[in-house]
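The values are calculated or read from the model by the stated rules, or taken from the named source; none is laboratory data. Computed from a predicted model, the values in this text were never measured in an experiment. Heads up, the Cβs are rebuilt from the backbone with ideal geometry, glycines too, and the neighbour counts pull from every protein chain shown. To get the accessible areas, we keep the full protein, side chains included, count just its heavy atoms, and leave off ligands, DNA and RNA. Shrake-Rupley method; radii C 1.70, N 1.55, O 1.52, S 1.80 Å.
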Amino acid sequence: MKKIVISTGGGDAPGLNAVIYAVVMASHARGWEVYGSRTGYLGLLNLDELIRLTPEMVADITSTGGTIIGSTNKGNPFAMPIENLAGEVEVHDVSDRVMENFKRMGFDCHIAIGGDGSLEIAHKFAQEKGMNVIGVPKTIDNDLEATQSTFGFDTAVSTATEALDKLHSTAKSHDRVMVVEVMGRDSGWIAINSGISGGADIILIPEIPFEISEICKKLNENELHNKDYAIVVVAEGASAKNHEVIDQGEGPIGRAEKLLGGVGTWVAKEINKRTGKDTRALVLGHLQRGGSPTTCDRLLALHFGTTAVRLVEHEKYDHMVALDGDDMIAVPLADAISQRKKVPRNGDRVRTALEIGICMGVDKQELPFED
Ligand code: F6P
């Protein structure tokens, strides 16, 4: 009999509940018990926040968005923001308490579902505290090099594509340039996939710093072909050549990364200033993280969940499950967190975009391809 605790950390992503379902069902079939730690590590800090997950509790959750056990991106037990009696927020290392509770509950393994930040914390628990951990990669950004794909990404791209489809008619009716900012942090996967699928004229990604003059050139070319409207997709982490990435500052204490956002509005203003065209900016934001997971994401999440349970069975700890072609594999967590997956400047995705007439924000000559 094994006893597993599962947590979901970082930003939510469609498919989290499907992983939870798969872990609970595959464990139940083996006669094991599964507990959920609410709000990241909170359940391991305060045992009142720990819940027993039974097959009855997870019935029907596979198709739902979000996570039934909650999540946080300010919950690193090695640097936890805690309010003192005076109402001030102080950062404390509470990792020992987490480990004591893990042992007190008699857990054999912690399945940590999360992005790079959460997986890094899980790896630290494995290395420094001796916790048995298995990682399950989650992020709508699809920016983990060690896995071909992460669940949540396909849903986010579908949501963004649907939004672009809808914007065509209003942009066309008003002869407007619609600039749509999408998520993805430092990787342009959501932007390029939704932009190509949703018929964008221009796609701006972090991997290719752009020039406003090239964007305006493309808009002028459109006009020569009697196309007076345009759709520009810009990734939140994209920046103009020789400009810093635009962000919203540090965010609350305990959050590891800056909040991005604002580049869409900046691009829209620059286009208007230089071309006089009627321009609007739209931030898709958290819409991309919401809703029911697509079939593709559900399947991936269910595969990840059952594979994680198999890794527990084989006691292959400090590893992350990953997709490799059609296969599920185990990658050491140390390797999994070491590299971010970027859109290759000279890869097929960029090439396809250029060949169907999409401007990538720079002169084509800057993006040479080998035959
Ligand atoms: O990593 C997922 C993600 O949605 C990013 O694409 C985005 O930059 C960030 O999280 C937003 O974080 P928050 O939910 O804290 O606003």
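The sole residue among 200, 146 that is under 22 Å from residue 22 (Cβ atoms), aliphatic (A, V, I, L, M) and in a loop (DSSP other than H, G, I, E, B) is 146.
Looking at the structure I just gave you, is residue 256 of a type in the set (A, V, I, L, M, F, W, C), out of contact with any Phe, Trp or Tyr (no Cβ under 9 Å at 6 or more places or on another chain) and open to solvent by 60 Å² or more (accessible area, probe 1.4 Å)? For residue 256, the condition - of a type in the set (A, V, I, L, M, F, W, C), out of contact with any Phe, Trp or Tyr (no Cβ under 9 Å at 6 or more places or on another chain) and open to solvent by 60 Å² or more (accessible area, probe 1.4 Å) - is met. When 72, 64 are checked against the criterion of being in the same structural domain as residue 314 (by TED's automatic domain parsing), of a type in the set (Val, Ile, Thr) and at pLDDT 95 or above, a single residue qualifies: 64. Out of 286, 303, report the one residue that is within 12 Å of the ligand (Cβ to nearest atom), part of a helix (DSSP H, G or I) and not polar (S, T, N, Q). Being within 12 Å of the ligand (Cβ to nearest atom), part of a helix (DSSP H, G or I) and not polar (S, T, N, Q) holds for just one of 286, 303, which is 286.
Going residue by residue through the range 110-117, is there one that turns out to be open to solvent by less than 20 Å² (accessible area, probe 1.4 Å), within 30 Å of residue 195 (Cβ to Cβ) and at pLDDT below 95? Checked the range 110-117: at least one residue is open to solvent by less than 20 Å² (accessible area, probe 1.4 Å), within 30 Å of residue 195 (Cβ to Cβ) and at pLDDT below 95. If I go through the range 7-29 residue by residue, how many of them are surrounded by 24 or more Cβ atoms within 10 Å (Cβ to Cβ), closer than 14 Å to residue 302 by Cβ and either at pLDDT below 95 or away from the ligand (no atom under 12 Å from the Cβ) (or both)? Counting residues in the range 7-29 that are surrounded by 24 or more Cβ atoms within 10 Å (Cβ to Cβ), closer than 14 Å to residue 302 by Cβ and either at pLDDT below 95 or away from the ligand (no atom under 12 Å from the Cβ) (or both) gives 10. Filtering the range 118-143 to residues that are away from the ligand (no atom under 16 Å from the Cβ), part of a helix (DSSP H, G or I) and open to solvent by less than 10 Å² (accessible area, probe 1.4 Å) leaves 122, 125. The C-beta contact set for the range 221-243 (first residue over 13 Å from residue 178 (Cβ atoms) and in the same structural domain as residue 171 (by TED's automatic domain parsing), second residue within 16 Å of the ligand (Cβ to nearest atom) and in a strand (DSSP E or B), distance under 8 angstrom, 6+ apart or interchain) comprises 235/181; 235/182; 235/204; 236/181; 236/182; 236/260; 237/260; 238/204. Scanning the range 327-371 for residues that are open to solvent by less than 20 Å² (accessible area, probe 1.4 Å) and assigned to a helix (DSSP H, G or I) yields 333, 336, 350, 353, 354. The conditions are (1) surrounded by 15 or more Cβ atoms within 10 Å (Cβ to Cβ); (2) part of a loop (DSSP other than H, G, I, E, B); (3) of a type outside the set (S, T, N, Q); (4) within 16 Å of the ligand (Cβ to nearest atom), and residue 264 fails exactly one of them. Which is it? It fails just one condition, (2).
With respect to being open to solvent by 20 Å² or more (accessible area, probe 1.4 Å), among the acidic types (Asp, Glu) and touching a residue at least 40 places away in the same chain (Cβ under 8 Å), residue 165 falls outside the description.
Given the condition closer than 18 Å to residue 172 by Cβ, more than 16 Å from the ligand (Cβ to nearest atom) and loosely packed, with under 15 Cβ neighbours inside 10 Å, answer yes or no: does some residue in the range 227-237 qualify? Within the range 227-237, one or more residues are closer than 18 Å to residue 172 by Cβ, more than 16 Å from the ligand (Cβ to nearest atom) and loosely packed, with under 15 Cβ neighbours inside 10 Å.
Would the range 295-307 turn up any residue that is at pLDDT below 95 and within 22 Å of the chain's Cα centre (by Cα)? Within the range 295-307, not a single residue is at pLDDT below 95 and within 22 Å of the chain's Cα centre (by Cα).
The listed residues are 298, 255, and the only one of them that is among the basic types (Lys, Arg) and either away from the ligand (no atom under 12 Å from the Cβ) or touching an Asp or Glu at 6+ places or on another chain (Cβ under 7 Å) (or both) turns out to be 298. Considering (1) in contact with a Lys or Arg (Cβ under 6 Å, 6 or more places away or on another chain); (2) open to solvent by 20 Å² or more (accessible area, probe 1.4 Å); (3) of a type in the set (Val, Ile, Thr), the lone condition that residue 196 does not fulfil carries the number (1). For the range 183-206, a residue qualifies if it is touching a strand residue (DSSP E or B) at 6+ places or on another chain (Cβ under 6 Å) and β-branched (Val, Ile, Thr), and the qualifying residues are 190, 192, 202, 203, 205.
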